[in-house]
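Student: Mind looking over this structure? Questions follow.
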């Protein structure tokens, strides 16, 4: 299991994310300037979208795993839509873990290095955003299994990735230092990977169609979320009860 955790992201990526942990948000906001929005806008809307996707489920008192939590910002944003949660952020970067523990002191939050956490099938919901394009292709399936084994039967996995069919997304990734050499995942390949691990696919939806200067049209996004044109996509999957 330790070998699996160490292989999820290669040593080059570990070193890269350790080196930029203190300025990660600054770098990402710089890349997003062309959209007119900040990282907070996108993070908040992902979580809002996820909560609406789970509208028929009880979204209170959940134990949530954030795989690849980065700067930990999502911990506080999750609390806006998921009441009385228990949040655990898992990271490959030791510097991110250290900074997050200092910054977020809520006793309902926990931040762990990936080498510290052993899957225990205890989480109601797992979430990841923009993580898998950094993971070597040969390690992706084993990483999904790692997440699958972290979720309790009947729990959900919200898998967010950048949409390779959106030219704006591709351009922004090339402008982002830690994304320019990433290997993007198509929704089709993501669905296949999740199914091969044992997940049931609940839905695939696309978000972030319009930059800020076209924000007037955002009111239509819920009605076009099945079109594969948004900047990101969410595959919502479920670990069925035995």
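Student: Need a quick list: helices (runs of 4 or more DSSP H) entirely within segment 118-200 having at least 3 residues that are crowded, with 19+ Cβ neighbours inside 10 Å, touching a strand residue (DSSP E or B) at 6+ places or on another chain (Cβ under 7 Å) and at pLDDT 95 or above.
Tutor: Details: elements: 137-148, 167-175, 187-197.
Here the list reads 187-197.
Student: Scan segment 72-87 and report the pairs whose first residue is more than 15 Å from residue 110 (Cβ to Cβ) and whose second residue is at pLDDT below 90 and part of a helix (DSSP H, G or I), with Cβ atoms within less than 9 Å and a gap of 6+ or a chain change.
Tutor: From residues that are more than 15 Å from residue 110 (Cβ to Cβ), the pairs are 73/25.
Student: When you scan segment 212-223, do you find a residue that is in contact with a strand residue (DSSP E or B) (Cβ under 7 Å, 6 or more places away or on another chain), farther than 21 Å from residue 77 by Cβ and either surrounded by fewer than 20 Cβ atoms within 10 Å (Cβ to Cβ) or touching a residue at least 40 places away in the same chain (Cβ under 8 Å) (or both), even just one? Spell out the reasoning first.
Tutor: Applying the first criterion (in contact with a strand residue (DSSP E or B) (Cβ under 7 Å, 6 or more places away or on another chain)) to segment 212-223 yields 221.
Subset that is farther than 21 Å from residue 77 by Cβ: none.
Within segment 212-223, none of the residues are in contact with a strand residue (DSSP E or B) (Cβ under 7 Å, 6 or more places away or on another chain), farther than 21 Å from residue 77 by Cβ and either surrounded by fewer than 20 Cβ atoms within 10 Å (Cβ to Cβ) or touching a residue at least 40 places away in the same chain (Cβ under 8 Å) (or both).
Student: Which one of 27, 47 is over 28 Å from residue 124 (Cα atoms) and either modelled with pLDDT of 85 or more or in a loop (DSSP other than H, G, I, E, B) (or both)?
Tutor: On the way: 47 fails: over 28 Å from residue 124 (Cα atoms).
Only one candidate passes the filter, namely 27.
Student: Consider segment 23-56. How many of its residues are touching a helix residue (DSSP H, G or I) at 6+ places or on another chain (Cβ under 8 Å), farther than 16 Å from residue 77 by Cα and either surrounded by 17 or more Cβ atoms within 10 Å (Cβ to Cβ) or in contact (Cβ under 8 Å) with a residue 40 or more places away in the chain (or both)?
Tutor: The number of residues fulfilling the criteria is 9.
Student: Here's another thing I want to ask about it. Checking residue 204 against (1) over 24 Å from residue 33 (Cα atoms); (2) in a loop (DSSP other than H, G, I, E, B); (3) in contact with a helix residue (DSSP H, G or I) (Cβ under 6 Å, 6 or more places away or on another chain), which test does it fail?
Tutor: All conditions pass for residue 204, except number (2).
Student: Also, I was wondering about something else. Name every residue in segment 83-96 that is buried (at least 23 other Cβ atoms within 10 Å of the Cβ) and either in contact with a helix residue (DSSP H, G or I) (Cβ under 7 Å, 6 or more places away or on another chain) or not in a strand (DSSP E or B) (or both), in order of residue number. So that I can check it myself, show each step before the final result.
Tutor: Kept after step one, since they are buried (at least 23 other Cβ atoms within 10 Å of the Cβ), are these residues of segment 83-96: 87, 89-93, 96.
Once the filter is applied, which keeps residues that are buried (at least 23 other Cβ atoms within 10 Å of the Cβ) and either in contact with a helix residue (DSSP H, G or I) (Cβ under 7 Å, 6 or more places away or on another chain) or not in a strand (DSSP E or B) (or both), segment 83-96 yields 87, 89, 91, 92, 93, 96.
Student: Considering every residue within segment 204-211, establish whether at least one is over 21 Å from residue 128 (Cα atoms) and loosely packed, with under 15 Cβ neighbours inside 10 Å. If you could, list the steps in order and put the result at the bottom.
Tutor: Of all residues in segment 204-211, those over 21 Å from residue 128 (Cα atoms) come to 210-211.
If we keep only those that are loosely packed, with under 15 Cβ neighbours inside 10 Å too, we end up with none.
No, because not a single residue in segment 204-211 is over 21 Å from residue 128 (Cα atoms) and loosely packed, with under 15 Cβ neighbours inside 10 Å.
The values are calculated or read from the model by the stated rules, or taken from the named source; none is laboratory data. Only a predicted model underlies this, so the values are computations on that prediction, with no experimental measurement involved. In this analysis, Cβ positions are derived from the backbone assuming ideal geometry, glycine residues included, and neighbour counts consider all displayed protein chains.
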